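S.K.: Got a structure for you, written out below as structure tokens; questions coming shortly.
The values are calculated or read from the model by the stated rules, or taken from the named source; none is laboratory data. This one's a predicted model, so the numbers in the text were calculated from it and none came from an experiment. Neighbour counts are summed over all protein chains in view; Cβ atoms, including those assigned to glycine, are modelled from backbone coordinates with ideal geometry.
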Amino acid sequence: MDARGFRDFARAAVDYVADYLESIRERPVLPNVEPGYVQTLLPDEAPEHPEEWQDVLDDVDRVVMPGVTHWHSPHFHAFYPTANSYPAIVGEILSAGIGCVGFSWISSPACTELETTMMDWLGKLLALPKEFLNSSDGPGGGVIQGSASESSLIALLVAKDRTVQRIKKERPEWDDETIKAKLVAYTSDQSNSSVEKAGILGSMRMRLLPTDDKCSFRGTTLMEAVERDEAQGLIPCIVIATLGTTVTCAFDNLTELGPICSQKHIWLHVDAAYAGAAFVCPEFRHLMAGLEFTDSFNFSPHKWLLVNSDCSAMWLKNANDLVDAFSVDRIYLKHQKQGVAPDYRNWQIALGRRFRSMKLWFVLRLYGASGLRKHIRKQVALAQAFEKMVTADPRFLVLILVLNASLGLVCFRVKGPESFTKKLQEALFRSGKIYVIPGTYHGIYMIRFVVCSRFTEERDLQYAWKEICDQTDQIIADGQKIKADNAFLKDNVWESLQNGKMIPINGAN
Ligand SMILES: *Cc1c(COP(=O)(O)O)cnc(C)c1O
């Protein structure tokens, strides 16, 4: 393909994407295919001779589209959002066109420097502590990682190195391996699966500690666990706290965890993959109280801040820790300006890296800070409107932890036996009009409803609510005969949470 062919192909592809997104509301959000369907539609081998791009683009409709779960459909309410915006898509095109690899400053100065600048723009937009900024006098800085998972793993590996260096000074008779075998990581039982995985990948035992009735990881819980481990000769190394947990969007208590970490020389990493985007709005910043205690902070603009995947923003208070832990030099990597600007290969797992700051730059400029705040506020308002619909219906109970509608998330269940809510979830999945997934609150089954798509409007909430009500009518009609097992107890937990009362959770399990 020459440049002329590229122009035609690319223009057609751009039109295809614009048409797709403009008409996405009309498509069923969930596909109706069976595992292996693609193999039945494609030949067994790659073509021997070049084909026409028109035929390939036609096959996107024939082969790909039937098997796409439409994450940007306004009827998609599962998981959390994944970002998609026109400025970010164009940023991806340019980044692919330039196609440079920015592992060191000289390997593409623009790639490194735009990233450094964008991480400062973004850090200021979230009002992060100054120490995190590249432009601060200290050793802090930000970097774009591929995922929140990588950020947690990197934090764990840096913490491991820092702790080994510290303990070696205190106990010169211990070698590195002896120390490494004693290290412990802490997180809550509500943290994302990727946090537990970071422990597996980083070969560190990980304590999944219980949370309170607001699903929040508290200081006393951490302190008890740390003391228990210290008494056994183990060495606390890192705490990975969450702001906006995956299941209920709960917030760990950094103002309690932070001082314990400082006192015990424990690295504090914060995973705010989804909820971090909300901190562009001043009214949500009380949820990040205690951030000043943290060593590293991560949130993913590729979730809720309109930057297409992958773009996960990570800041460290002392980036030297990371460079000390990760830097491996080779003659082919050396350059004249080493040490003057960051060599981002030392800040991440891979050597090579894409020009990811381009799409972030485009989003920040084409939306502006005001546009980003408007986006977050609109989605929170929609979630609150949906929550009002559920609350007003006496057949349902809504989970309220810290905020009404925890940012864009509403968790609810049908009153009565747990089987009602399970049947509702199954019925919704079977009909495929909307996509929601279940979760549990301290063992109680519930449905999570998230405002995900930037195309979601009030009418889509009406559509979802009608579908939920229709299915619920049917389930309740069928289920009148079912004996209410421990339903009363479970209803009671949520009702008292809504009245702001604390009641023991254990009885509800
Ligand atoms: C989504 C999510 C993750 C995983 O994010 P990736 O970027 O896919 O690794 C981690 N933590 C939380 C709290 C999340 O919501």
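S.K.: Out of curiosity, is L254 surrounded by 23 or more Cβ atoms within 10 Å (Cβ to Cβ) and either more than 11 Å from the ligand (Cβ to nearest atom) or more than 11 Å from the chain's Cα centre (by Cα) (or both)?
M.R.: Criteria met by L254.
S.K.: Also, I was wondering about something else. Out of the residues in the stretch 404-429 that are within 30 Å of A272 (Cβ to Cβ) and β-branched (V, I, T), state the one that is surrounded by the most Cβ atoms within 10 Å (Cβ to Cβ).
M.R.: Here the residue is V410.
S.K.: What do you reckon, is Y441 more than 26 Å from V307 (Cβ to Cβ) and either crowded, with 20+ Cβ neighbours inside 10 Å or among the hydrophobic types (A, V, I, L, M, F, W, C) (or both)?
M.R.: yes
S.K.: What about V195, is it among the hydrophobic types (A, V, I, L, M, F, W, C) and out of contact with any Lys or Arg (no Cβ under 9 Å at 6 or more places or on another chain)?
M.R.: Yes.
S.K.: Right, here's the next one. Enumerate the helices (runs of 4 or more DSSP H) found wholly within the stretch 1-62, keeping only those where 2 or more residues are surrounded by fewer than 12 Cβ atoms within 10 Å (Cβ to Cβ) and in the same structural domain as Y86 (by TED's automatic domain parsing).
M.R.: 3-22
S.K.: Checking V398 against (1) surrounded by 20 or more Cβ atoms within 10 Å (Cβ to Cβ); (2) part of a loop (DSSP other than H, G, I, E, B), which single condition isn't satisfied?
M.R.: (2) is the only condition that V398 fails.
S.K.: Where the second residue is assigned to a helix (DSSP H, G or I) and within 16 Å of the ligand (Cβ to nearest atom) and the first is among the polar types (S, T, N, Q) and lies in the stretch 149-167, which pairs have Cβ atoms under 8 Å and are six or more apart or on separate chains?
M.R.: Between residues of the stretch 149-167 that are among the polar types (S, T, N, Q) and residues that are assigned to a helix (DSSP H, G or I) and within 16 Å of the ligand (Cβ to nearest atom), the close pairs are S149/S194; S149/K197; S149/A198; S152/S194; S152/V195; S152/A198.
S.K.: Now a separate question. Which one is surrounded by the fewest Cβ atoms within 10 Å (Cβ to Cβ), of the residues in the stretch 226-249 that are within 10 Å of the ligand (Cβ to nearest atom) and among the hydrophobic types (A, V, I, L, M, F, W, C)?
M.R.: The qualifying residue surrounded by the fewest Cβ atoms within 10 Å (Cβ to Cβ) is V247.
S.K.: Condition test on L153, is it touching a Leu at 6+ places or on another chain (Cβ under 7 Å) and within 27 Å of E196 (Cβ to Cβ)?
M.R.: yes
S.K.: Restricting to the stretch 415-438, what's the tally of residues that are over 30 Å from V33 (Cβ atoms) and either in a strand (DSSP E or B) or out of contact with any strand residue (DSSP E or B) (no Cβ under 7 Å at 6 or more places or on another chain) (or both)?
M.R.: Counting residues in the stretch 415-438 that are over 30 Å from V33 (Cβ atoms) and either in a strand (DSSP E or B) or out of contact with any strand residue (DSSP E or B) (no Cβ under 7 Å at 6 or more places or on another chain) (or both) gives 2.
S.K.: Among the candidates V390, V363, which residue alone is of a type in the set (V, I, T), assigned to a helix (DSSP H, G or I), in the same structural domain as Y463 (by TED's automatic domain parsing) and at negative phi?
M.R.: Within the list V390, V363, the selection yields V390.
S.K.: Please list, ordered by first then second residue, the pairs with beta carbon atoms under 8 Å, 6 or more apart or interchain, first in the stretch 259-277 and farther than 10 Å from D295 by Cα and in contact (Cβ under 8 Å) with a residue 40 or more places away in the chain, second of a type in the set (K, R) and within 16 Å of the ligand (Cβ to nearest atom).
M.R.: What qualifies is A273/K303; Y274/K303; A277/K303.
S.K.: Quick check on my filter: what residues within the stretch 301-311 are more than 10 Å from G276 (Cβ to Cβ) and within 11 Å of the ligand (Cβ to nearest atom)?
M.R.: H302, S309, D310, C311
S.K.: Return the only residue of A277, A273 being touching a strand residue (DSSP E or B) at 6+ places or on another chain (Cβ under 8 Å), near the ligand (Cβ under 9 Å from one of its atoms) and not in a strand (DSSP E or B).
M.R.: A273
S.K.: A further question on this structure: Do any helices (runs of 4 or more DSSP H) entirely within the stretch 95-206 hold 2 or more residues that are within 16 Å of the ligand (Cβ to nearest atom), and if so, which?
M.R.: Hits in the stretch 95-206: 148-170, 193-201.
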